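A.B. asks: Can you read through this structure? Questions will come right after.
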Amino acid sequence: NVPEDQADKLLLASWGLPKAVLEKYHSLGVVQMFEWQAECLMLGQVLEGKNLVYSAPTSAGKTLVAELLILKRVLETRKKALFILPFVSVAKEKKCYLQ
């Protein structure tokens, strides 16, 4: 569980994302994360590029964790990222969404 003193970490706005990115997520109804998603982002040195392996049921929100990790790293390091998705339909959706 996310400690009470870090409950603000559930809000997407707490993760240092640009305003345009936050507005896009907000327009899709995504304002905050589930506790398990925030926990993933707060583990060890994940935000510094260390590995993370996590598992959750279908439609639980795994992609949001990956998106946030990728977006933060790309924006902070100005390097490219490779985002591998399991289905063409999901890849097309994310291509439009992330542009």
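The values are calculated or read from the model by the stated rules, or taken from the named source; none is laboratory data. Since we're looking at a predicted model, the values are computed, not measured. All Cβ positions, glycine included, derive from the backbone under ideal geometry; neighbour counts span all protein chains shown. Areas reflect the complete protein model, heavy atoms only, side chains present, ligands, DNA and RNA absent. Shrake-Rupley method; radii C 1.70, N 1.55, O 1.52, S 1.80 Å.
A.B. asks: What shape does the chain take by its C-alpha gyration tensor, where a ≥ b ≥ c are the square roots of the eigenvalues and a/c under 1.5 counts as rounded, a/b above b/c as prolate, and the rest as oblate? Intermediate values should be presented prior to the final figure.
C.D. replies: Numbers: a/c = 1.31, a/b = 1.28, b/c = 1.02.
Verdict is rounded for the chain.
A.B. asks: In what sequence, highest mean first, do 68-74, 25-31, 41-47 appear when ranked by Cβ atoms within 10 angstrom?
C.D. replies: Output ranking for 68-74, 25-31, 41-47: 68-74, 41-47, 25-31.
A.B. asks: Additional query: Show that you can apply the helix-only estimate: for the chain, add -39,500 (n - 2.57) for every DSSP H stretch of four or more residues, divide by all residues, and state [θ] at 222 nm to the nearest 500.
C.D. replies: Numbers: 4 runs with 44 residues, N = 99.
One gets -13500 deg cm²/dmol as the mean residue ellipticity at 222 nm.
A.B. asks: Search the structure for amide H atoms under 5 Å from the amide H of Gln32, placed 1.01 Å from N in the peptide plane, and list their residues when 5 or more places away or on another chain.
C.D. replies: Leu12
A.B. asks: Could you pull out every one of the lysines with an alpha carbon less than 19 Å from that of Lys50, ignoring same-chain neighbours closer than 8 positions?
C.D. replies: Result set, ordered by chain and number: Lys62, Lys72, Lys79, Lys80.
A.B. asks: In the chain, carbon and sulfur make up what percent of the accessible area (probe 1.4 Å)?
C.D. replies: Working: 3950 of 7060 Å².
On the chain, the fraction of accessible area on carbon and sulfur atoms equals 56 percent.
A.B. asks: Sequence neighbours fewer than 8 away in the same chain don't count; with that in mind, list the aspartates and glutamates whose C-alpha is under 18 Å from Lys94.
C.D. replies: Glu23, Glu67
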